[in-house]
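Working notes, structure below.
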Amino acid sequence: MYVAVVVLAFRQIRWGYFIGLSAAAFWDYCNLFVTTFFISGLHWLGSWMSSGQLQRLDQIVAVPAWVGNLLIIIGSVWGYVRSKETSPTDIARLLVAFVLTTGFFAMIIALCQPRYLPLFQAILHPHYPRW
């Protein structure tokens, strides 16, 4: 999906911006308000920086992943704003992209790691990050 985002965005096709924004915003939202993965990654990154001992790399990887998704969000918005072709129906296209990308994520999670499907139910009941 991210390869499609890059190809479409380089060709200045608005669907690339919509898909990039939808996918990246979904994961960053989940990592802030549904799971503790990002917060845990920050904790272990800080622990590594203060002690010099690398532990829980599986959690630390959430930090650059979250930042990478944030950059995709910024890049998608920036690319869309710079686009010469915009339309009042672009909000509807963004919503379609969000539904399709979320459905795609649900499908691959159901096929590969069904134990994480409750994540989608938890999205409807977010909590504030516990710093």
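Data overview
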| item | result |
| --- | --- |
| Mean projection area, nm², convex hull over Cα of the range 57-106 | 4.4 nm² |
| For the chain: relative contact order, % (alpha-carbon pairs under 8 angstrom, 6 or more apart) | 36 percent |
| Centroid-to-centroid separation of the range 25-66 and the range 81-95 [C-alpha atoms, Å] | 33 Å |
| Footprinting exposure proxy for 87, 47 (fewest neighbouring C-beta atoms within 10 Å first) | 87, 47 |
| Among (1) 46, 19, 17; (2) 20, 18, 15; (3) 29, 18, 13, the entry that matches semi-axes √(5λ) of the Cα gyration tensor in Å as calculated here | (3) |
| Pairwise FRET efficiency - residue 49 versus residue 119, Cβ, R0 = 22 Å, nearest 0.05 | 0.15 |
| Relative packing of peptides 96-103, 54-61, 112-119, 18-25 - highest average C-beta neighbours within 10 Å first | 18-25, 96-103, 54-61, 112-119 |
| Separation in nanometres of the label points that stand 7 Å from Cα toward Cβ, at residue 26 and residue 83 | 1.8 nm |
| Furthest towards positive pole of dipole, 72, 40, 5, structure part the chain, Cβ charges | 5 |
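Computed from the coordinates by the stated procedures, all read-outs in this text should not be read as laboratory data. On a predicted model such as this, the values are computed, not experimentally measured, just so you know. Cβ atoms come from the backbone with ideal geometry, glycine included; neighbour counts cover every protein chain shown.
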